[in-house]
Amino acid sequence: MKEYNLNENAGNLPAEVGVWGKVKNFLFQEIDLNKPIVLELTPKEEKVLTEVHDFLFQEVKFPELHDFLFQEITIFGRNK
């Protein structure tokens, strides 16, 4: 097995972290999934978030569309 001395190649590494390095470090950081995410909202932000949530998760019913899509089709006088 060949051993490598990392210190002798340290002179070839960049001295400071560039923009791409910062972006890459941010995108590929390890995330602790057991740690909860905490948001502190003002009452107005909380009201808007609640309204958006209620709008997105409302029960949508289109009885006319359902009846049209699931109607009985007659082709050449036969029901299929």
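The values are calculated or read from the model by the stated rules, or taken from the named source; none is laboratory data. If you're wondering where the values come from, they're calculated on a predicted model, not measured in any experiment. So basically every Cβ, Gly included, is an ideal-geometry build from the backbone, and we count neighbours across all protein chains shown. Ligands, DNA and RNA are excluded from the accessible area calculation, which covers all protein heavy atoms including side chains. Shrake-Rupley method; radii C 1.70, N 1.55, O 1.52, S 1.80 Å.
Residue-level analysis places PRO43 among those that are at pLDDT 90 or above and either open to solvent by 90 Å² or more (accessible area, probe 1.4 Å) or in contact with a Cys (Cβ under 7 Å, 6 or more places away or on another chain) (or both).
Which of the residues belonging to the stretch 46-65 are over 21 Å from the mean Cα position of the chain (by Cα) and open to solvent by less than 100 Å² (accessible area, probe 1.4 Å)? Passing the criteria: VAL60, PRO63, LEU65. Looking only at residues of the stretch 14-40 that are β-branched (Val, Ile, Thr) and assigned to a helix (DSSP H, G or I), we find that the one that is surrounded by the most Cβ atoms within 10 Å (Cβ to Cβ) is VAL23.
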